[in-house]
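Data first, discussion second: the structure below is written as structure tokens.
The values are calculated or read from the model by the stated rules, or taken from the named source; none is laboratory data. The model shown is predicted, which means the values in this text are computed figures rather than measured ones. A quick note on method: Cβ atoms are made from the backbone with ideal geometry, for glycine too, and the neighbour counts reach across all protein chains shown.
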Number of protein chains: 2
Amino acid sequence: MNAHISSAYDRDLEGITTLIMQMGGLVEEAILRAANSLANRDVEMAEAVRKADEAIDALEEQINEEAARTIALRAPVSKDLRTILSVLRLSASLERIGDYAKNIAKRTSVLVEMNPVPGADTALRRMAREVEQMLKDTLDAYVRGDAELAEVVRQRDQEVDQMYNALFREFLTFMMEDPRNITACMHLHFMAKNIERMGDLTTNMAEQVIYLVTGEMPEEARPKGDKTAFVVETG
Amino acid sequence: MNAHISSAYDRDLEGITTLIMQMGGLVEEAILRAANSLANRDVEMAEAVRKADEAIDALEEQINEEAARTIALRAPVSKDLRTILSVLRLSASLERIGDYAKNIAKRTSVLVEMNPVPGADTALRRMAREVEQMLKDTLDAYVRGDAELAEVVRQRDQEVDQMYNALFREFLTFMMEDPRNITACMHLHFMAKNIERMGDLTTNMAEQVIYLVTGEMPEEARPKGDKTAFVVETG
């Protein structure tokens, strides 16, 4: 039953890893460019981010096909099978992070028409950069099989969550101070939430990497950071 | 290489299908109960929804393990392999829909402390019921191998999107009319967005069912319904 020929399987896996890294690079770029397009009010760059998402989606499709082909041809078992299935989860997460970047870019095209909310663009860019760094480290951890680095990423997600919580409160204040800020703040708030979700997905990826390297999912529950469900102040 | 013994594989797949249906039933219940807990301001029910999510997550884990075991043991190829991989996507979508229901329930516990926003609870419940029906039909379509029913679900997602767009505008208006509505509306808006995302995920599931039955993903792009990225009115 076990038709797994080590070298052929390893070659396939290397090919898939290369595709994952390529996809990861495009997603990192999408995050940074989406945040920059907002900060610089650059509608053309926002449009480019939206277009670039097609390449990301195509890579996911290709990775899925390669993985299915590898499973069919090499019939991997136990650890090798787990690895392939984990890789599918990594690419699915990357695809979703790419979608969030695209959503941010979409809203940029709208926000440029409104009065800027002081400090918001910069704060969002800072958040986005943090998530991009986390993603970069996660991809490095994956390639190097470095579970410790992945664990560091996992802990860093709290910082992104804290940034998000602070922004949520700030937007509420702005909206209450002046109703003309409401529409812009709603969009900005969505963007912040999108970045926070990117951070969550990156953290899930880091956990997959830990699983890939150690064979076990990290046990200790990571602290959940979005506390806004419990914000009850009414100003 | 092809060690696939038809009857054993079919038995495994049947077992996995049963788990998917079980998981789907729990997720349907979570959607309805989350919406009802908001409409009835029932904090205990909201708490129960949050607790019940653990059973949903456990089922996803079990489905993943069963699928991996089936791939390892039966070494399915072509269509059979595609089926198993599709099933993994179905369970991943169900898990995410369950998470959204949990998020809605979390916010319910907070919203009960605030003044109700007229009509909001009922509108959200209507949206949630629509999504629950879509999910029910999707699961039926999956079990019966009914691509036509899945296509009907796919088209219905537009209605959910329209409900969402209408609510988005309504919440904006309420916030502008009276800043004391802002915090509640932010939470309600998140809930509406969560339900809209559930609709998207259900639609993805319907597309997976079409793929499972026909071997092809539906080609005609479905109309995208969340137009709020383009809302520019400032009141």
Top-ranked residue in region A:171-185 [being facing chain B (nearest Cβ under 7 Å) and either touching a Leu at 6+ places or on another chain (Cβ under 9 Å) or not in a helix (DSSP H, G or I) (or both); ranked as surrounded by the most Cβ atoms within 10 Å (Cβ to Cβ)]: A:Ile182
Hey, A:Met191 in contact with a Gly (Cβ under 7 Å, 6 or more places away or on another chain), under 30 Å from B:Met175 (Cβ atoms) and either part of a helix (DSSP H, G or I) or modelled with pLDDT under 95 (or both) or not: no
B:Gly119, sole failed condition from (1) buried (at least 16 other Cβ atoms within 10 Å of the Cβ); (2) in contact (Cβ under 8 Å) with a residue 24 or more places away in the chain: (1)
In region A:129-149, the residues that are crowded, with 19+ Cβ neighbours inside 10 Å, under 18 Å from A:Met23 (Cβ atoms) and not charged (D, E, K, R): A:Val131, A:Met134, A:Leu135, A:Thr138, A:Leu139, A:Ala141, A:Tyr142
